[in-house]
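Please treat every number below as a calculation from the coordinates, not as lab data. All values derive from a computational prediction rather than experimental measurement. Here the Cβ is made from the backbone with ideal geometry for all residues, glycine too, and neighbour counts use every protein chain on show.
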Amino acid sequence: MSTDLNLLSKGLVRLGVVILLFIASPIIITMGFKAIDKFTESPQNIFAYLFLAVGCLLLLYSMYFAFKTFGVLSKAIFNNK
């Protein structure tokens, strides 16, 4: 039961991406809600809802990517060779 260093380095890089996604997605959602409050006209309001939708999708993707990343890290640490 040894640690696979190549897979561990891949998992740690992916963990860094997950952390950036978990920081970026709430910021984008907040920008969307603030834009909805600020803009009341139709063309600008569409961009506000677009920001909100992109932020929510990014948050869902980051949770999925986090589960996949922790799976890679567990395979790297608990190698069955």
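Along the charge dipole of the range 5-77, Cβ charges K/R +1 and D/E -1, which of ILE23, LEU59, LEU7 sits furthest on the positive end?
Positive-most Cα among the choices belongs to LEU7.
For the chain, modelled as a Gaussian network with Cα springs under 10 Å, which listed residue fluctuates most, PHE51, PHE39, PHE70?
Of PHE51, PHE39, PHE70, the Gaussian network model singles out PHE39 as fluctuating most.
Enter the angle in degrees (range 0 to 90, nearest 10) between the Cα long axis of helix 42-77 and the first principal axis of the Cα atoms of the chain, meaning the one along which they spread out most.
Helix 42-77 sits roughly 10 degrees off the main axis of the chain.
Within 10 Å of each residue's Cβ, count the other Cβ atoms and sort LEU73, LEU60 from fewest upward.
Values: LEU73 17, LEU60 11.
With the sparsest Cβ surroundings first, the list reads LEU60, LEU73.
Rounded to whole Å, give me the distance from the Cα center of the range 1-39 to that of the range 50-74.
One Cα centre to the other: 7 Å.
With θ set to phi - 60° and the Karplus curve 6.51 cos²θ - 1.76 cosθ + 1.60, what are the ³J(HN,Hα) couplings of the range 5-17 in order, to the nearest whole Hz, using x for Gly and Pro?
For the range 5-17, the Karplus curve yields 5, 5, 5, 5, 5, 4, x, 6, 5, 5, 5, x, 5 Hz.
Per-residue ellipticity at 222 nm for the chain, helices alone: DSSP H runs ≥ 4 residues times -39500 (n - 2.57), over residue total, nearest 500 deg cm²/dmol?
The helix-only estimate for the chain comes to -31500 deg cm²/dmol at 222 nm.
How big is the charge dipole of the chain about its Cα centre, in debye rounded to the nearest 20, if each Lys and Arg gets +1 on its Cβ and each Asp and Glu gets -1 on its Cβ?
340 debye
Can you check what the net charge comes to around VAL17, using other residues whose Cβ is under 14 Å from the Cβ of VAL17 (Lys, Arg +1; Asp, Glu -1)?
Details: positive: LYS10, ARG14, LYS68; negative: none.
So the environment of VAL17 carries a net charge of +3.
How far apart, in nanometres, would the label points at PHE33 and LYS10 be if each is projected 7 angstrom from Cα along the Cα-to-Cβ direction?
Simple spin-label model gives 3.8 nm for this pair.
Taking other Cβ within 10 Å of each residue's Cβ, how do LYS68, LYS38 sort, fewest first?
By the 10 Å Cβ count, ascending: LYS38, LYS68.
Please build a GNM for the chain, connecting alpha carbons under 10 Å apart, and tell me which residue among PHE47, PHE65, PHE22 fluctuates the most.
Highest fluctuation among the options: PHE47.
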